[in-house]
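The values are calculated or read from the model by the stated rules, or taken from the named source; none is laboratory data. Everything quoted here is computed from the prediction, not taken from an experiment. Cβ: placed from backbone, ideal geometry, glycine included. Neighbour counts: every protein chain shown.
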Amino acid sequence: MASLRSDLWCSAFVRRHNDLGNMCVVSRRGDPIAGQVFIEVDHLDGTVSLFTPAPMAGREGNDAALVFQRRFRRVEPGKVRDRIAQEIEFDPDLWVLSLDLRGEDPGIELDAGSRI
């Protein structure tokens, strides 16, 4: 089974969260077909979390699904911005989605090591 295009997945993610009343925007557009997707979550308390694609080894079951890992959990915003900037230097096709969310669950599939 083929993976869903990055632009379609990002559009659906943004739409779903905005429909739920969470502010979500595309902060950076990447390659529409196969760009990696990073999700930065502003917890509206001065902290930010970052979710990045999980390595293939950490994925269970469906290889076509987008699976994420929690890279940073509730850290200062500068740390997340620096990590994203570093990744963009390496991979300019990167997508960045910015989500304002008071809770912990951004509604994405997490690899086994990121679940708490």
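The set of residues in the range 35-54 being in a loop (DSSP other than H, G, I, E, B) and either in contact with a Leu (Cβ under 7 Å, 6 or more places away or on another chain) or of a type in the set (A, V, I, L, M, F, W, C) (or both) consists of 35, 36, 43, 44, 54.
Of the residues 15, 81, the single one that is without any contact (Cβ under 8 Å) to a residue 24 or more places away in the chain, among the basic types (Lys, Arg) and closer than 25 Å to residue 113 by Cβ is 81.
Suppose we filter 78, 113, 107, 61 for residues that are modelled with pLDDT under 95 and not in a loop (DSSP other than H, G, I, E, B); which single one remains?
Working: 78 fails: modelled with pLDDT under 95; 107 fails: not in a loop (DSSP other than H, G, I, E, B); 61 fails: not in a loop (DSSP other than H, G, I, E, B).
Every option except 113 fails the conditions.
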